[in-house]
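Here is the structure we will look at, set down as C-alpha cells.
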Amino acid sequence: MNRYPHVVFKVGRRRVSNRERERLKHKKSHLERMWERHGLGILKRIERACGIRFPPRVCDEGIEIWLEKRRREDGEYVGEMDETEPCKLILYLRRNETWKSAKAVIVHELIHCLTWQVYYYDLRRREVTLFEDYFADELLTSLVEKVVLGRKLTRRQCDDALDYAMSELKLRLGRGRRHRKIIDSLMGFMKGFQSRIRRKETDVLRERRLLDEVKVKGKIILFSHLAEIV
C-alpha cells in the first residue's frame, strides 16, 4: 500500500499582534479541516502528475506548512519553500484567504517540495543549475499545478506560466547571497576572458560556450539553455 507524508499546519514565527495571531490560528483550523477532506487526494494527484513518489524519509517525517501573515514587503510572494529545507513550505495569508485561494499555492509549493525531496533524499543530489533548478523548475511546476488542480491546459496558461517563470527567475537570482555569487562568478569569468583574448587564445564565440559553465565555490551555474529560450 502506498504511503504518503503527514502534512502539519503551523502558525508562523513572525511577530504579529495578538489579534493577527488569533486570525492565523483560525485560518489554521480551517485549512486543517479542508486538508483532512482533500489532502490525500491532492498528494496522490501530485505524485501521478509528477511521475515520482514522496521519498520514504518524507513519509516518515512529514511535511510542515507554516502560516504567516502576508506583509507588503513580501511583494508578489504568496508562498515559498527553500530547496535546502524540502519538507517545509510557507504560506503568506491575506485576511480574506480561503481554502480555494490557498489550495493552488499549497499544490504549487508541494510540487517544489517533492522535486527537491527526491534530489536530497533519494541520492540524486547534484549541482544546482540556473536553467533546470530555477527557470525550468518554476515553469514546469506552474504547468503541473494546473494538471493537479484538474484544469485544462490552454495556450494562455502556458503563456502565463512562461511569464511567471521569467519573473521568478529574476526574483530568486536577485536575493542577496545568491545574487552576489553570480556577480562574483561573472567578475572572475571576465578577468579570464580578457586575459585569453589578449593572448589570442580564444574569441567571443568560443567564450559564449564557456559561459555555459561558470564555477563558483564548487557550484556550476548554467547559462546557455536560458539564453536559447530568451
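Values computed for the structure shown
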| read-out | value |
| --- | --- |
| Cross-chain or 6+ apart pairs with Cβ under 7 Å, segment 11-34 first and in contact (Cβ under 8 Å) with a residue 60 or more places away in the chain, then in a helix (DSSP H, G or I) and not aromatic (Phe, Trp, Tyr) | Leu31/Ala102 |
| Qualifying residues in segment 2-58 (those that are closer than 19 Å to Leu89 by Cα and of a type in the set (Asp, Glu)) - the one farthest from the chain's Cα centre (by Cα) | Glu36 |
| Counted residues, segment 57-71 - those being in contact (Cβ under 8 Å) with a residue 60 or more places away in the chain and out of contact with any Cys (no Cβ under 9 Å at 6 or more places or on another chain) | 0 |
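A short reminder: the numbers here are calculations on the coordinates, not readings from a lab. The shown structure was predicted, so the numbers you read here are calculated from the model rather than taken from an experiment. Cβ atoms come from the backbone with ideal geometry, glycine included; neighbour counts cover every protein chain shown.
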